[in-house]
1. What is the set of long-range amide H partners of Cys112 at a cut-off below 5 Å, with H atoms built 1.01 Å from backbone N?
2. Once R0 is set to 22 Å, what does the formula 1/(1 + (r/R0)^6) return for the Cβ-Cβ distance between Asn43 and Leu91, expressed as a FRET efficiency to the nearest 0.05?
3. Amide H to amide H, which residues 5 or more places from Thr81 or on other chains are under 5 Å from it, using H placed in the peptide plane?
4. Can you list which of the DSSP-assigned H helices in the chain have a Cα extent of 18 Å or more along the long axis and an average Kyte-Doolittle score of at least 0.5?
5. Measure off 7 Å from each Cα along the Cα-to-Cβ vector at Arg167 and His180, then give the distance between these two points in nanometres to one decimal.
6. At 7 Å along Cα-to-Cβ for each site, give me the label-to-label distance between Thr150 and Gln7 in nm.
7. Please compute the modelled spin-label separation between Ser66 and Asp51, points set 7 Å along Cα→Cβ, answer in nm with one decimal.
8. Could you work out, for the chain, what percent of all Cα-Cα pairs fall into each 10 Å distance bin, beginning at 0 Å and stopping at the bin that holds the largest distance?
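Where a number appears in this text, it was derived from the coordinates with a stated rule and is not lab data. Just so you know, these numbers come straight off a predicted model, no measurement behind them. Note that each Cβ is placed from the backbone with ideal geometry, even for glycine, and that neighbours are counted across all protein chains shown.
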Amino acid sequence: MTTAGPQAPFSVTLRNGRTVTIRPLDAGDNQALIALGAALPENDWLHAENDLRSPEMIARLINARSAEHWRQLVAVAPDGTIIAYASARQLPGRSSHVADIQLIVDESWRRCGLGTVMAREIVAQARALGAAKVIVDMVEEQLAGDAIFTRLGFQHEGRLVNHIRDRQGQPHNLLVLAYHVE
Ligand SMILES: CC(C)(COP(=O)(O)OP(=O)(O)OC[C@H]1O[C@@H](n2cnc3c(N)ncnc32)[C@H](O)[C@@H]1OP(=O)(O)O)[C@@H](O)C(=O)NCCC(=O)NCCS
């Protein structure tokens with residue numbers, strides 16, 4: 001794992017040749033974040049704890065943008081569209097040394113390296129929060145998320161059987177990946 005500190009805001013050129021900006025979530029991002037949530041495939045809601053389809057949830061995330069225990073990033077396309085969201089949040093109480101991560105990329109921008117760029121930056125942000133341990137969980141079928149975080153040095157630390165249910169009521173296993181900061 002690279003020990004580089006947080007870099008955002010910064011621009012990066014993806015494998016599709018397009019340059020996007022990674023920056024902290026901003027007070028004016030409400031509508032663009034709702035649009036990202038509305039466009040996500042149904043199955044993605046298996047993977048996300050915060051439902052970006054809910055305007056109330058988005059208002060809550062935007063209100064939390066300056067919270068001391070929370071870091072939130074977006075990726076912005078040249079036309080101003082938000083195409084990815086990532087967060088690192090310090091857990092409360094006895095696990096306050098642990099930060100958990102969420103990451104979601106717009107379907108039409110996947111496989112271009114954006115998930116990897118966002119993951120690296122949000123982990124740097126989690127470390128800057130002072131986290132001694134960083135975790136990310138995902139449904140076991142989520143091969144891309146597993147590949148990204150494993151490459152960053154995360155290891156499988158838990159597998160919770162039939163821990164989440166999809167909209168059809170089918171159970172899925174939840175993988176917990178963790179990175180212990182040296
Ligand atoms: C996981 C997610 C963020 C990946 O975003 P992305 O921008 O496509 O990621 P990258 O382009 O950086 O791909 C990273 C690697 O993941 C693997 N990968 C990506 N998509 C894959 C797929 N559909 N199947 C298998 N492996 C895949 C590849 O190894 C890829 O690297 P490569 O393209 O160099 O081979 C995106 O699929 C997503 O938003 N999924 C729903 C939410 C989620 O599951 N989040 C993760 C847990 S928080």
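1. Residues meeting the amide H criterion: none.
2. The value I calculate is 0.25.
3. For Thr81, no residues qualify.
4. Helices meeting the span and hydropathy rule in the chain are 114-128.
5. For the pair Arg167/His180, the computed spacing is 4.1 nm.
6. 2.5
7. 2.9
8. So the P(r) values, bin by bin, are 9, 38, 40, 12, 0.
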